[in-house]
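The values are calculated or read from the model by the stated rules, or taken from the named source; none is laboratory data. Keep in mind that this is a model prediction, so the values were computed, not measured. All Cβ positions, glycine included, derive from the backbone under ideal geometry; neighbour counts span all protein chains shown.
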């Protein structure tokens, strides 16, 4: 591999062009397609050894067939995660089937996109099924962090991962006027021992150019609350494409003096390998 210490991106998306055989259900900011080959090329150019490949909900909803095709071609470079529908009557069986599939490292819930409460049977079925399978549930929880914390409390055997620093992040410039306005809720969720957090897409919250110096005080509070052993770096590529390059999303964490070499090794790969139980290979 290109780096001595493995560098692993906790969230990337791949997709093919919109076509009748696998039509898009919506829109995702970015190029017309980003194939698995494209993603591997981008990672190789900046020394990223592997990534968690999240099947993009906005394009494919609950269909992970393209992610599976990417894995079949690049099995050593990607661990797979797909979203699940809490309203499905077969959701527990669906999670069990998915987590038994080669290459799969987790499931995802789009909590921010629905009207749910902590008693929701589908949500709790997903959390319980992930616990049985021994994989984490990744949660898009912007604006719903108290609910996420309560679900984590009710499912203490489930490893929960908050997506995208738990904050709403822009698809196009400019970032929100107060991008860390809900930071208190992010920090409060750290009280649950079974909750980890993706430091993914964080550079899109900056009002300053590379290397985005204005994000580090807030990120430092997240690191302090969770400990780096519960934090995972990632780019959220290609959702971030209108705001920065892939290289900038990687290098911002390499050049900052707010992280020691040991911190970088933990944040940019070590924590992910432990929590997902997955390491890229040649």
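One residue alone among 80, 6 is closer than 30 Å to residue 229 by Cβ, assigned to a loop (DSSP other than H, G, I, E, B) and touching a strand residue (DSSP E or B) at 6+ places or on another chain (Cβ under 8 Å), and that residue is 6.
Considering segment 38-50, and only residues there that are within 19 Å of residue 240 (Cβ to Cβ) and touching a strand residue (DSSP E or B) at 6+ places or on another chain (Cβ under 8 Å), the residue that is surrounded by the most Cβ atoms within 10 Å (Cβ to Cβ) turns out to be 48. The condition of being under 19 Å from the mean Cα position of the chain (by Cα) and surrounded by fewer than 18 Cβ atoms within 10 Å (Cβ to Cβ) holds for only one of 213, 170, 176, that being 170.
Tallying residues that are in a helix (DSSP H, G or I) and in contact with a helix residue (DSSP H, G or I) (Cβ under 8 Å, 6 or more places away or on another chain) within segment 244-269 yields 12.
Given the residues 245, 204, 238, which is the only one that is within 16 Å of the chain's Cα centre (by Cα), under 25 Å from residue 54 (Cα atoms) and free of Cβ contacts under 8 Å to residues at least 60 places away in the same chain? Selected residue: 204, the only one of 245, 204, 238 that is within 16 Å of the chain's Cα centre (by Cα), under 25 Å from residue 54 (Cα atoms) and free of Cβ contacts under 8 Å to residues at least 60 places away in the same chain. For segment 241-254, the count of residues that are under 24 Å from residue 190 (Cβ atoms) and surrounded by fewer than 18 Cβ atoms within 10 Å (Cβ to Cβ) is zero.
Every condition in (1) within 24 Å of residue 242 (Cα to Cα); (2) at pLDDT 95 or above holds for residue 94 except the one numbered (1). Among the residues of segment 19-37, the ones that are loosely packed, with under 15 Cβ neighbours inside 10 Å and touching a residue at least 24 places away in the same chain (Cβ under 8 Å) come to 6 in all.
Criterion first (part of a helix (DSSP H, G or I), out of contact with any strand residue (DSSP E or B) (no Cβ under 8 Å at 6 or more places or on another chain) and farther than 19 Å from residue 175 by Cα) does residue 221 satisfy it?
Numbers: part of a helix (DSSP H, G or I): yes; out of contact with any strand residue (DSSP E or B) (no Cβ under 8 Å at 6 or more places or on another chain): yes; farther than 19 Å from residue 175 by Cα: yes.
Yes; evaluated as a whole, the condition is true for this residue.
Step by step: first the residues of segment 112-147, then only those that are under 23 Å from residue 180 (Cβ atoms) and touching a helix residue (DSSP H, G or I) at 6+ places or on another chain (Cβ under 6 Å), then the one that is surrounded by the fewest Cβ atoms within 10 Å (Cβ to Cβ). Which residue is that? It comes out as 143. Scanning segment 179-199 for residues that are touching a residue at least 12 places away in the same chain (Cβ under 8 Å) and in a helix (DSSP H, G or I) yields a total of 6. Just give me the residues in segment 9-36 being within 20 Å of residue 240 (Cβ to Cβ) and not in a loop (DSSP other than H, G, I, E, B), in sequence order. Result: 9, 10, 11, 12, 15, 34, 36.
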